[in-house]
Structures are given as C-alpha cells and as structure tokens.
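Below you'll find the structure, written out as structure tokens, and then a few comments.
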Amino acid sequence: MSGASAIDALRLHDPNATPVLMGILNITPDSFSDGGKFCATDVAIRHALHMVEEGASIIDVGGESTRPGAAYVSADEQLRRILPVIEALHAALPAAVAVSVDTRLPQVAQQAIWAGASMINDISAGAEEGMFAVAAASGSPIVLMHMQGDPQTMQVTPRYEDVVGEVLDYLLCRAHAAESAGVPAGNVLIDPGIGFGKTLSHNLALLRALPRLVATGYPVLLGTSRKRFLRTICNEAAEAALLGANCATTALGATAGAKIFRVHDIQSNRQALQTGWAIRGPRPPEPSASDGDVIF
C-alpha cells in the first residue's frame, strides 16, 4: 500500500469510520515540549515506530518549531533536518501508515513528497504561493489551519469579534481557494488552530464549536497536545503533566466527529479516542429522495 492509498484507507470522509491519531515527530532543537529529543535520524525512527505500535496511523514530521515566539526556519534548514527522516520512515514504516510533512513552505512540501510523504500539514493554510500547486500536482491531502498572525506574533493580544464565525469563514475561504487552485475537495482538511493566535476563552469557544466545523463536510484535525491553555485550566507548570487534559479534549473531539488527532502521547489518547467514539456511536445514513420518501 502506497502512502497515498494509506491515507485513502483511513476513510476520513466516512462519518462512521474510526478517527485516527497523528503522531508528532519534531525534528527541531526548539519545539516547546520535545525540542532536541529526536534530531538524530535513528532516534526519530525508533520513536516513530513506537508511536505506530501504540496506534498512530500518521506520523507528522516537522523541521520548524511553531511555538509562540519561534523564529523562522529556512527551507534549506528544514530540508536538512527532515529529508533523511522521511526517507528512512518511508522504508521502515508499515505500508498502512502515512507520513505527513508539517511545513508552510511549498519547496519543503514538494521535496518531502518526493522523499515519501503523502500529506501536507500547513499551519498557514496555503498562504505561501505555490503550496496549493504542490498539493494539486501531487494529489496529496492538505490540512489548512487557522492562525492569527504568525508564530512570532500570534500570542500578542489576539482579538476577535466572533472567534468561531471568523475561524469558520477563514477556513472555508482557504478551502475554496485550494479547490480553485486544483486541489480536489476530497483532499482538503481543516484545523481550527487551537493555541495559534487564541486566548483561553477563544480556544474553549472553538472546542465547544467542533460540531460546527465538522458540519462543513471537511474532515477536521484537532491539535491540543500539551498546549499552554491546558496548563492554565489545570494549573500545571509543565506540559508533561497535561496528559489527562489532552485526553479529555481527544474524547470530546471524537464525540464531536473530528477525524484526526495530532498528539504526542499515543497510547493514552488512543484510549480516549476509542471511548469518545464509542459514546458517539454510528451516524444514521443521510435520507435520500431516491428511497421513495418525500424529503422536507
């Protein structure tokens, strides 16, 4: 099974298909939670295989930290960090596991796809010219995330009149832009960008509104793992102490119908996902006029 067919097999558009976990693999020295831990290719591969053993269906490889205040990383430096890892993952991972590249730069996305990645995770929602062209030409699904500002400025007094409405409008606008550039609608996913230019109240409002995002018809990716707003809620000083809080948001997201959960801690979040999904239960099929009934 190729990387592309591995993504297809996840049935991200099927409302009754089980959601999946995306394991975070940061090949960076400065990520907020695990910076510097996985910069060596052999260590990164071992960690990726461990996440797969625990239940990850996608491994998301990034060469640029996007924590608040993080500095921009050039395409050349991102590629130096991630290409050896993606090439090794392409050879080492089970065929049913997909590799995603976490980048804002189309040249990085393109070379990552040539190296074996089959999904693009773009926190800038295709803001860089050429990103949609890469996704369209390669046939790769692309995750479009909402972010107010950029990583260096996003947490400097973020403001909204209506955070849910504004985030929804933005994501739909970017999704339509991707489709206009040739990306099939079935390859577009959306992410509300929890923690990216949002206060605690903004993040909570978006989590409550997950059913509205799901109702757009685009598969929703949720990323809350070890984020600062959970520390605030739980009054914890360290990200590593937030496993229970993260699992709570995963269970909530599963009941709301989100399809991908981007997390550091696979096993515990797998249990939370499975429990939330069991509570949600199967969705009945949509009524169809072809059934012979009048649809009002």
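The values are calculated or read from the model by the stated rules, or taken from the named source; none is laboratory data. Nothing here was measured: the structure is a model prediction, and the numbers come from that model. Cβ coordinates were reconstructed from backbone atoms using ideal geometry, including for glycine residues, and neighbour counts include every protein chain displayed.
Within the range 229-251, the set of residues being under 17 Å from LEU21 (Cβ atoms), touching a helix residue (DSSP H, G or I) at 6+ places or on another chain (Cβ under 6 Å) and polar (S, T, N, Q) comprises THR250 only.
Conditions (1) farther than 23 Å from LYS259 by Cα; (2) surrounded by fewer than 23 Cβ atoms within 10 Å (Cβ to Cβ); (3) modelled with pLDDT under 95; (4) hydroxyl-bearing (Ser, Thr, Tyr), marked per residue:
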site	(1), (2), (3), (4)
LEU105	yes, no, no, no
GLU129	yes, yes, no, no
VAL134	yes, no, no, no
ALA137	yes, yes, no, no
ILE142	no, no, no, no
TYR160	yes, yes, no, yes
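If only residues of the range 56-98 that are in contact (Cβ under 8 Å) with a residue 60 or more places away in the chain and more than 29 Å from ALA9 (Cβ to Cβ) are counted, the one that is surrounded by the fewest Cβ atoms within 10 Å (Cβ to Cβ) is ALA71.
Considering PRO219, PRO211, PRO192, which residue is out of contact with any strand residue (DSSP E or B) (no Cβ under 9 Å at 6 or more places or on another chain), in contact (Cβ under 8 Å) with a residue 24 or more places away in the chain and closer than 27 Å to THR18 by Cβ? Talk me through it step by step, then tell me what you get.
Numbers: PRO219 fails: out of contact with any strand residue (DSSP E or B) (no Cβ under 9 Å at 6 or more places or on another chain); PRO192 fails: out of contact with any strand residue (DSSP E or B) (no Cβ under 9 Å at 6 or more places or on another chain).
Going through PRO219, PRO211, PRO192 in turn, just one is out of contact with any strand residue (DSSP E or B) (no Cβ under 9 Å at 6 or more places or on another chain), in contact (Cβ under 8 Å) with a residue 24 or more places away in the chain and closer than 27 Å to THR18 by Cβ: PRO211.
Looking only at residues that are in contact with a strand residue (DSSP E or B) (Cβ under 9 Å, 6 or more places away or on another chain) and not in a loop (DSSP other than H, G, I, E, B) in the range 112-127, which one is surrounded by the most Cβ atoms within 10 Å (Cβ to Cβ)?
Looking at the filtered set, the residue picked out is ALA112.
Out of VAL167, VAL143, VAL156, VAL134, which single residue is among the aliphatic types (A, V, I, L, M) and in a loop (DSSP other than H, G, I, E, B)? That would be VAL156, the only listed residue that is among the aliphatic types (A, V, I, L, M) and in a loop (DSSP other than H, G, I, E, B). On the stretch given as the range 172-224, residues that are of a type outside the set (Val, Ile, Thr) and over 24 Å from GLY149 (Cβ atoms) total 11. When ILE194 is tested against (1) touching a helix residue (DSSP H, G or I) at 6+ places or on another chain (Cβ under 8 Å); (2) of a type in the set (A, V, I, L, M, F, W, C); (3) modelled with pLDDT under 95, only condition (3) is not met. Please verify whether LEU168 is buried (at least 18 other Cβ atoms within 10 Å of the Cβ) and either at pLDDT 95 or above or of a type in the set (Lys, Arg) (or both), treating the condition exactly as stated. Answer is yes for this residue.
Checking each residue of the range 248-255 against the condition of being in contact with a Ser or Thr (Cβ under 7 Å, 6 or more places away or on another chain), modelled with pLDDT of 95 or more and under 21 Å from SER201 (Cβ atoms) gives at least one match.
Within the range 222-260, the residues that satisfy the criterion of being in contact (Cβ under 8 Å) with a residue 40 or more places away in the chain and among the charged types (D, E, K, R) are ARG226, ARG228, GLU239, LYS259.
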